[in-house]
Amino acid sequence: MAEILPVSPDVIHSELEAAQAIISKWREAVSQGIPGVDTPAGDEAFTRFLTEMCGELLLVSAKCQALASVVGEGYGG
């Protein structure tokens, strides 16, 4: 008997693409230099960069955890 996923492959793909887009954004941003660390900038620019990066990476990690949990439920995970 074939297993049935709790979400469609299209949704899995879409969620993984969204996570990848955010990670790619921050890989590029860090490679261009962190304001106030790698490039000249004030404390406000550093705080804005760090706050946004941490917030978006937390969203990605939660999204990945939720996706793994939902997909894993279909296989006893």
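Here is how the numbers come out for the structure above:
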read-out	value
Pick from the stretch 30-54, criterion surrounded by 10 or more Cβ atoms within 10 Å (Cβ to Cβ) and among the small types (Gly, Ala, Ser), ranking: nearest to the chain's Cα centre (by Cα)	Gly33
Hits in the stretch 1-29 - residues which are in contact with a Cys (Cβ under 9 Å, 6 or more places away or on another chain) and either surrounded by 14 or more Cβ atoms within 10 Å (Cβ to Cβ) or farther than 22 Å from Leu58 by Cα (or both)	Glu15, Ala19
Residues of the stretch 5-58 satisfying the condition of being assigned to a helix (DSSP H, G or I), among the aliphatic types (A, V, I, L, M), more than 21 Å from Glu73 (Cα to Cα) and without any contact (Cβ under 8 Å) to a residue 40 or more places away in the chain	Ala21, Ile22, Ile23, Ala29, Val30, Ala45, Leu50, Met53, Leu57, Leu58
Any hit, the stretch 39-46, residues being touching a Phe, Trp or Tyr at 6+ places or on another chain (Cβ under 9 Å), more than 30 Å from Glu3 (Cβ to Cβ) and acidic (Asp, Glu)	no
Flag for Ala62 being touching a strand residue (DSSP E or B) at 6+ places or on another chain (Cβ under 8 Å) and either at negative phi or surrounded by fewer than 13 Cβ atoms within 10 Å (Cβ to Cβ) (or both)	no
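Readers should treat all values here as calculations from the given coordinates under stated rules, not as data from a laboratory. Keep in mind it's a predicted model, so treat the numbers as computed, not measured. We place every Cβ from the backbone using ideal geometry, glycine too, and count neighbours over all the protein chains shown.
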